[in-house]
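Accompanying notes for the structure given below.
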Amino acid sequence: MNIHEYQAKQLLKKYGVAVNNGMVAHTPEEAESVARTLGGSLFVVKAQIHAGGRGKGKFKEPEAGDKGGVRLVQTPVDVRAHAAQMLGKTLVTHQTGAVGRTVKRLYIEAGCDVARELYLSMLIDRSASCLTIIASTAGGMEIEKVAAETPEKIIKVPIDPISGIQPFHARKVAFGLRLEGKQIRACTNFVMSMYHAFMELDASLIEINPLVVTPAGDVIALDAKMTFDDNALFRHKEVREMRDEDEEDARELEAARHSLNYITLDGTIGCMVNGAGLAMATMDIIKLYGASPANFLDVGGGATKERVTVAFKLILSDSNVKGILVNIFGGIMRCDIIAEGVVAAAREVDLHVPLVVRLEGTNVDSGKKTIHGSGLPIITANNLADAAEKVVKAVKEAA
């Protein structure tokens, strides 16, 4: 689960992570009021959407101006003017895609002087089976770009899950960022506090970009991104209540309500599979035969006819889908249940794309009988390779 920047900073501040003062605003009037409450002569007006690259983003509407989703202003009156330009407008960044996201709230933050911009994050490194701290002197840039072009600027510090973080880990980060004097202690405290927030809140990622050093030697999170392990949200009511469903994919939300594992992708072949490993293999073989998957969809091992029907409708609700591949290996999941769900869904909706079904395992003969007796234009396949070849070919012929 993702949350907004202002929410991440609220959580991090409780653990002692240094952030600038700020408050959220939903109207231009609120934005001006927040600025007057903060005081000072420099403010940052930040669009709050679940996407990176806001500062370099562009609004679709001309009246929003061309200064992106993060703006420096000097007076509360200016804060109000820029808030009026941004609220309700569509911000497009490299992460939102061309569709963009509607800005429904702003974070008004006190400005500060910046001597250096750095990068700092913590994430679960599955290759090392531990939490890893990643830092870089190239702050304010996309870390993927830094890793590709100047990998020598990337610092990695793995943390043993048994012993946990120790002060020397944090100092290693500080030295790697070429900090000195009081900056080292400030960075050490920052990293230690960030780690405790990560562990206690069951986070899967905390990213601070940029992490700034002020002329006075303070180390402050100028931006903050946090994501959480969905499986642990039952332990964190405060975090769970921060969920903003307006920022999430509608199909993924609907899938979650029916205990389906669904992720939207950018291909054209819709996939419905039981089991995560089989789903990954299905997507790989679709690529092998020259197409791309439109989604990851695991209906699970105990799916009912109703859940299968919902899954099928979710796939068809994606306008990018030009063909569907149903690949089921029936162990706990029975092939006849899958077949009944597919047939029921195909009859309820307008099946306007090629549908290929491959069934194998428990009650496979009964499932195939249901498919063949449905009278629907469903293409059957004998194995996974046959299914992938058939769906890609059918989509090309229908184009």
Q) Say we look at the stretch 60-101 and pick out the residues that are assigned to a strand (DSSP E or B) and in contact (Cβ under 8 Å) with a residue 40 or more places away in the chain; which of these is most open to solvent (accessible area, probe 1.4 Å)? A) ARG101
Q: Looking only at the stretch 204-232, count how many residues are of a type in the set (A, V, I, L, M), farther than 26 Å from GLN95 by Cα and buried (at least 16 other Cβ atoms within 10 Å of the Cβ).
A: 2
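A quick yes/no check of all residues on (1) of a type in the set (Gly, Ala, Ser); (2) within 22 Å of ALA291 (Cβ to Cβ); (3) touching a Ser or Thr at 6+ places or on another chain (Cβ under 8 Å); (4) touching a residue at least 40 places away in the same chain (Cβ under 8 Å):
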{"position": "CYS335", "(1), (2), (3), (4)": "no, no, yes, no"}
{"position": "GLY341", "(1), (2), (3), (4)": "yes, no, yes, no"}
{"position": "HIS372", "(1), (2), (3), (4)": "no, no, yes, no"}
{"position": "THR380", "(1), (2), (3), (4)": "no, yes, no, no"}
Q. So which residues in the stretch 367-399 are out of contact with any strand residue (DSSP E or B) (no Cβ under 9 Å at 6 or more places or on another chain), within 22 Å of VAL310 (Cβ to Cβ) and at pLDDT 90 or above, if there are any at all?
A. THR370
Q: Look at ASP113 and say whether it is charged (D, E, K, R), open to solvent by less than 50 Å² (accessible area, probe 1.4 Å) and at pLDDT below 95.
A: no
Q. List the pairs whose first member sits in the stretch 23-39 and is closer than 15 Å to ARG71 by Cβ, whose second member is among the aromatic types (Phe, Trp, Tyr) and not in a helix (DSSP H, G or I), and whose Cβ atoms are under 8 Å apart, counting only residues at least 6 apart or on separate chains?
A. ALA25/TYR107; ALA35/PHE43
Q) When the stretch 163-188 is examined, which residues are found to be part of a helix (DSSP H, G or I) and either open to solvent by 30 Å² or more (accessible area, probe 1.4 Å) or touching a residue at least 40 places away in the same chain (Cβ under 8 Å) (or both)? A) PRO167, PHE168, ARG171, LYS172, VAL173, PHE175, GLY176, LYS182, GLN183, ILE184, ARG185, ALA186
Q) List the pairs whose first member sits in the stretch 223-239 and is polar (S, T, N, Q), whose second member is crowded, with 16+ Cβ neighbours inside 10 Å, and whose Cβ atoms are under 7 Å apart, counting only residues at least 6 apart or on separate chains? A) THR227/MET1; THR227/ASN2; THR227/ALA203; THR227/SER204
Q) What are the pairs, 6+ residues apart or on separate chains, where a residue within the stretch 105-134 that is closer than 16 Å to LYS153 by Cα has its Cβ under 9 Å from a residue that is open to solvent by 60 Å² or more (accessible area, probe 1.4 Å) and in a loop (DSSP other than H, G, I, E, B)? A) ARG116/ARG178; GLU117/MET141; TYR119/MET141
Q) Given ALA344, ALA388, which one is touching a Phe, Trp or Tyr at 6+ places or on another chain (Cβ under 6 Å) and either of a type in the set (Phe, Trp, Tyr) or not in a strand (DSSP E or B) (or both)? A) ALA388
(Q) Can you confirm whether VAL191 is assigned to a helix (DSSP H, G or I), surrounded by 20 or more Cβ atoms within 10 Å (Cβ to Cβ), of a type in the set (Val, Ile, Thr) and modelled with pLDDT of 95 or more? (A) yes
Q. Here is a list of conditions, (1) at pLDDT 95 or above; (2) crowded, with 16+ Cβ neighbours inside 10 Å; (3) not in a helix (DSSP H, G or I), and GLY16 meets all of them except one; can you say which number that is?
A. (2)
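Based on this model, can you work out whether GLU207 counts as assigned to a strand (DSSP E or B) and acidic (Asp, Glu)?
Details: assigned to a strand (DSSP E or B): yes; acidic (Asp, Glu): yes.
Answer is yes for this residue.
The values are calculated or read from the model by the stated rules, or taken from the named source; none is laboratory data. These numbers come from a predicted model, not from an experiment. No Cβ is skipped: glycine too gets one built from the backbone with ideal geometry, and neighbour counts run over all protein chains shown. Only protein heavy atoms, including side chains, enter the accessible area calculation; ligands, DNA and RNA are left aside. Shrake-Rupley method; radii C 1.70, N 1.55, O 1.52, S 1.80 Å.
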